[in-house]
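First the structure, in the form of structure tokens, and then the observations on it.
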Ligand SMILES: Cc1ncc(COP(=O)(O)O)c(C=O)c1O
């Protein structure tokens with residue numbers, strides 16, 4: 001066991017040191033791709049090495065190329081940090097190494113999913129009796145939920161998808177908001193639904209579906225229909241009016257799916273809940289744990305108000321599997337697309353226990369407060385414009401009303417290393433995106449980062465040809 005002691009001891013010491021260094025280390029990466037290739041590459045090793053040496057050398061070679069994504073000053077994309085209890089539970093997930101598809105052989109992995117499903121349902125105030133699949137992220141949650149949707153709407157049209165497949169079956173329509181996330185289209189593509197079947201309802205200046213236009217789009221066809229609404233636009237954080245979408249679908253057979261990758265977590269907060277009003281009227285919901293719940297990558301959930309369709313779309317049977325009676329317990333394999341799979345429930349369970357409902361609400365509200373503070377600190381400068389209504393944790397910033405200056409400012413911030421964020425294009429204009437989703441972010445992180453952003457913006461004056 002010496003080797004196990006050495007390698008796990010070394011890893012644990014390094015992990016603590018890495019996490020403690022987040023406060024001061026530059027957030028961006030410190031090595032080029034070529035430097036990393038040189039450090040990590042080489043010929044296929046003919047002989048094995050001592051475990052501790054492998055890990056020590058991996059740390060040394062890889063660390064310069066590690067983005068400090070768990071830092072409280074990482075504001076790129078929409079990236080949560082990782083709560084200590086969730087990281088530890090994630091380590092245990094590897095140590096226990098459960099192939100967590102079946103309740104019988106891996107009952108602790110199965111039970112934590114059951115428990116986490118109920119806790120999360122309650123936190124987000126979703127209807128009782130929903131089912132859940134624990135997947136690797138929101139895109140796969142879309143795929144899982146939309147597979148259930150496809151199954152149900154085709155069945156209503158008299159088509160047995162499980163037996164006859166898609167070919168020769170009824171055409172499916174999918175109605176989305178113009179500013180939906182790209183992963184909705186990607187998940188649909190995986191399900192055999194192409195762009196010609198996707199109809200986009202125009203969006204307003206915040207990226208919200210113009211729901212007043214939805215009835216006309218609905219009325220323009222009569223094929224089996226899925227409608228996708230969004231809570232939390234990836235750029236602006238804006239939320240579609242799900243209650244109005246549900247009203248528009250009243251009396252129709254359309255399936256309502258909600259992309260709540262991060263916006264669904266607003267449901268936990270009494271202060272923010274109005275943004276997601278009506279979400280309980282949807283048929284399915286997709287969200288992430290690796291964003292606002294601050295569980296390490298990768299982790300997402302699909303929830304479904306039609307467990308029968310969900311199970312029919314996902315389940316599998318084989319004589320050698322030890323499957324439970326579905327009436328008595330829940331085999332995870334029946335609710336997600338993977339066959340073999342990681343026991344994803346442990347870190348989610350640990351995160352919810354470490355935070356409690358109170359902690360989840362505080363974390364979500366704190367992120368939003370930090371985002372508003374960014375908007376105030378940056379927007380107070382004359383040449384800085386905040387492009388969005390900061391309703392959640394996303395801020396879009398533009399400098400000198402100029403694309404080149406804005407891009408140069410993003411590049412200068414990334415090079416400076418105080419914080420990290422990225423650029424985007426919002427309604428034809430270059431913008432800097434700031435996303436606050438990490439439990440670690442403090443008021444001081446926001447102040448330091450806002451200062452670094454303004455200094456970067458000042459450094460671009462005169463250096464960019466407008
Ligand atoms: C609104 C929205 N939907 C879906 C996704 C995809 O999530 P994931 O990367 O976990 O698959 C994202 C990711 O940022 C998102 O913001």
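The values are calculated or read from the model by the stated rules, or taken from the named source; none is laboratory data. Given the structure is predicted, the values throughout are model-derived calculations rather than measurements. Cβ: placed from backbone, ideal geometry, glycine included. Neighbour counts: every protein chain shown.
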Of 453, 360, 434, the only residue that is part of a helix (DSSP H, G or I) and within 21 Å of residue 232 (Cα to Cα) is 360
Does residue 184 fit the bill of being more than 15 Å from the ligand (Cβ to nearest atom) and either within 28 Å of residue 134 (Cβ to Cβ) or crowded, with 24+ Cβ neighbours inside 10 Å (or both)? no
If we keep only residues of region 112-121 that are more than 16 Å from the ligand (Cβ to nearest atom) and touching a helix residue (DSSP H, G or I) at 6+ places or on another chain (Cβ under 8 Å), then the residue farthest from residue 340 (Cα to Cα) is 119
(1) in contact with a helix residue (DSSP H, G or I) (Cβ under 9 Å, 6 or more places away or on another chain); (2) within 30 Å of residue 84 (Cα to Cα); (3) assigned to a helix (DSSP H, G or I) all hold for residue 448 apart from (1)
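Conditions tested, residue by residue: (1) part of a loop (DSSP other than H, G, I, E, B); (2) closer than 30 Å to residue 422 by Cβ.
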residue: 7; (1), (2): no, no
residue: 15; (1), (2): no, yes
residue: 20; (1), (2): no, yes
residue: 43; (1), (2): yes, no
residue: 55; (1), (2): no, no
residue: 82; (1), (2): yes, yes
residue: 87; (1), (2): no, yes
residue: 92; (1), (2): no, no
residue: 100; (1), (2): yes, no
Any residue at all in region 191-205 that is over 21 Å from residue 157 (Cα atoms), out of contact with any helix residue (DSSP H, G or I) (no Cβ under 7 Å at 6 or more places or on another chain), part of a loop (DSSP other than H, G, I, E, B) and more than 11 Å from the ligand (Cβ to nearest atom)? yes
Checked region 261-287 for anything outside any strand (DSSP E or B) and farther than 16 Å from residue 360 by Cα; matches are 274, 275, 276, 277, 278, 279, 280, 281, 282, 283
A careful count of residues in region 401-425 that are assigned to a helix (DSSP H, G or I), within 15 Å of residue 454 (Cα to Cα) and out of contact with any helix residue (DSSP H, G or I) (no Cβ under 6 Å at 6 or more places or on another chain) gives 6
Matching residues in region 46-89 (within 16 Å of the ligand (Cβ to nearest atom) and in contact (Cβ under 8 Å) with a residue 60 or more places away in the chain) number 11
So, residue 335, is that one within 16 Å of the ligand (Cβ to nearest atom) and closer than 27 Å to residue 108 by Cβ or not? no
Kindly evaluate residue 212 against the criterion of being more than 16 Å from the ligand (Cβ to nearest atom), part of a helix (DSSP H, G or I) and closer than 24 Å to residue 426 by Cβ. yes
Is region 218-226 home to any residue that is touching a strand residue (DSSP E or B) at 6+ places or on another chain (Cβ under 7 Å), surrounded by 19 or more Cβ atoms within 10 Å (Cβ to Cβ), within 22 Å of residue 138 (Cα to Cα) and at pLDDT 95 or above?
yes
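Residue-wise test of (1) buried (at least 24 other Cβ atoms within 10 Å of the Cβ); (2) within 11 Å of the ligand (Cβ to nearest atom); (3) over 14 Å from residue 368 (Cα atoms).
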position	(1), (2), (3)
253	no, no, yes
259	yes, yes, yes
268	yes, no, no
273	no, no, no
276	yes, no, yes
281	no, no, yes
286	yes, yes, yes
290	yes, yes, yes
300	yes, yes, yes
Residue 235 passes all but one of the listed conditions (1) within 16 Å of the ligand (Cβ to nearest atom); (2) in contact with a helix residue (DSSP H, G or I) (Cβ under 7 Å, 6 or more places away or on another chain); the exception is number (2)
For region 166-186, pairs from a residue that is more than 15 Å from residue 236 (Cα to Cα) to a residue that is modelled with pLDDT under 95 and more than 12 Å from the ligand (Cβ to nearest atom), with Cβ under 8 Å and 6 or more apart or across chains, are 173/221
Exactly one of 376, 398 is over 21 Å from the mean Cα position of the chain (by Cα), farther than 20 Å from residue 264 by Cα and not in a helix (DSSP H, G or I), and that residue is 398
Within region 1-59, residues being exposed (fewer than 11 other Cβ atoms within 10 Å of the Cβ), over 29 Å from the mean Cα position of the chain (by Cα) and closer than 22 Å to residue 86 by Cβ number 1
Over region 133-152, the set of residues over 13 Å from residue 289 (Cα atoms) and either near the ligand (Cβ under 9 Å from one of its atoms) or in contact with a helix residue (DSSP H, G or I) (Cβ under 6 Å, 6 or more places away or on another chain) (or both) is 142, 143, 146, 147, 148, 151, 152
- request: Tell me, please, whether a residue that is over 16 Å from residue 307 (Cα atoms), in a loop (DSSP other than H, G, I, E, B) and in contact (Cβ under 8 Å) with a residue 60 or more places away in the chain can be found in region 116-124.
  value: yes
